[in-house]
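Just so you know, all these numbers are worked out from the coordinates, no wet-lab data involved. Predicted model only: the values in this text are computed from it and were never measured. Every residue, glycine as well, gets a Cβ built from its backbone with ideal geometry; the counts of neighbours run over all protein chains shown.
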Amino acid sequence: MMGVETKAVLFDLDGTLIDSAPDLGAAADKMRTDRGLDSLPLERYRPMAGAGARGMLGVAFGITPESPEFPGLREEFFVAYERRMLLNTRVFDGIQALIEALRERGLLWGVVTNKSMRFTDPLTRAIPLFGSAGAVVSGDTTPFAKPHPEPLHEAARRLGVPSESCIYVGDDERDIIAGRAAGMRTVAATYGYMGTQADSTLWEADASITSPLELLKLLDSA
């Protein structure tokens, strides 16, 4: 993690800062049971939670975004998720302490997610942790979503720091691709969802962490 002085840390949201898998999975599973299908355990949904509607509907119904019925099911999923997205979603263990430690060091922090503002805004308003975030950039804040670097550049602009002085932490390969394209140092959060097929060692992140507080050790060694 050597190089430019770090002024800010940016994070992905789902699977990095918050565990939203219980509510995402439950929304998709209700769509199954509403159709008379058997309920699936959360463990089936969790690895795909980072992929949002695409991942949840893939588990629930075995369909892809190319399926003709996908758009209608996606909107039904969005409505179902909207109704319950704060029921069982929680901040990952260690995140609160991590954010407090970053702030004590004088570092800014923010969020860059592909989740749309429709969901990001009420979630971040309802969870106290995000009151100190200097930037929250959603998948539709700019014309682009990750792996495009523009959302990360937008977050850096909102924080008033150069992109190259930021570290970006995420649990999906597209996070690392976006961070590298934005000129940021990147950290793979392997405690997140990642999916059963993911191998974060192939992502070429600058570092990886197995728990949130490990990020502090990386900063100390810089």
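Dipole magnitude for the chain: about 420 debye, using +1 per Lys or Arg Cβ and -1 per Asp or Glu Cβ, origin at the Cα centre. Considering only the other residues whose Cβ falls under 15 Å of the Cβ of Gly183, what net charge follows from Lys and Arg at +1 and Asp and Glu at -1? With Lys, Arg at +1 and Asp, Glu at -1, the neighbours total -2.
The charge dipole of the range 21-84, taken about its Cα centre with unit charges on the Cβ of Lys, Arg, Asp and Glu (plus for the first two, minus for the last two), comes to roughly 140 debye. The value of relative contact order for the chain, using C-alpha pairs under 8 Å at least six residues apart, is 26 percent. For the range 1-105, which GluC sites (Glu not before Pro) are in a loop by DSSP, counting at most 11 other Cβ atoms within 10 Å? Sparse-neighbourhood loop GluC sites (Glu not before Pro): Glu5, Glu66, Glu69.
GNM on the chain, C-alpha springs below 10 Å: top fluctuator among Ala126, Ala21, Ala182? It is Ala126. Among the GluC sites (Glu not before Pro) found in the range 150-222, those both in a DSSP coil and sparsely packed, with 14 or fewer other Cβ atoms within 10 Å of their Cβ, are Glu204.
Bridgeable lysines around Lys115 (alpha carbons under 26 Å apart, same-chain partners fewer than 8 residues away excluded): Lys7, Lys30, Lys146.
Taking every alpha-carbon pair under 8 Å whose residues sit at least 6 apart, the range 21-84 reaches a relative contact order of 38 percent.
Ignoring the sites themselves, the chain has its longest run without trypsin sites (Lys or Arg not before Pro) in a DSSP loop having at most 13 other Cβ atoms within 10 Å at 106-222.
Ranked for footprinting exposure by Cβ neighbours inside 10 Å, fewest first, Tyr191, Tyr45 give Tyr191, Tyr45. With N counted as the residues of the range 92-182, its alpha-carbon radius of gyration over 2.2 N^0.38 Å works out to 1.04. Kirkwood's formula applied to the C-alpha pairs of the range 21-84 gives a hydrodynamic radius of 11.3 angstrom.
Exposure proxy for Asp19, Asp12: other Cβ atoms within 10 Å of each Cβ, ordered fewest to most, give Asp19, Asp12.
The orientation-averaged shadow of the Cα convex hull for the chain, equal to a quarter of the hull surface, comes to 11.6 nm².
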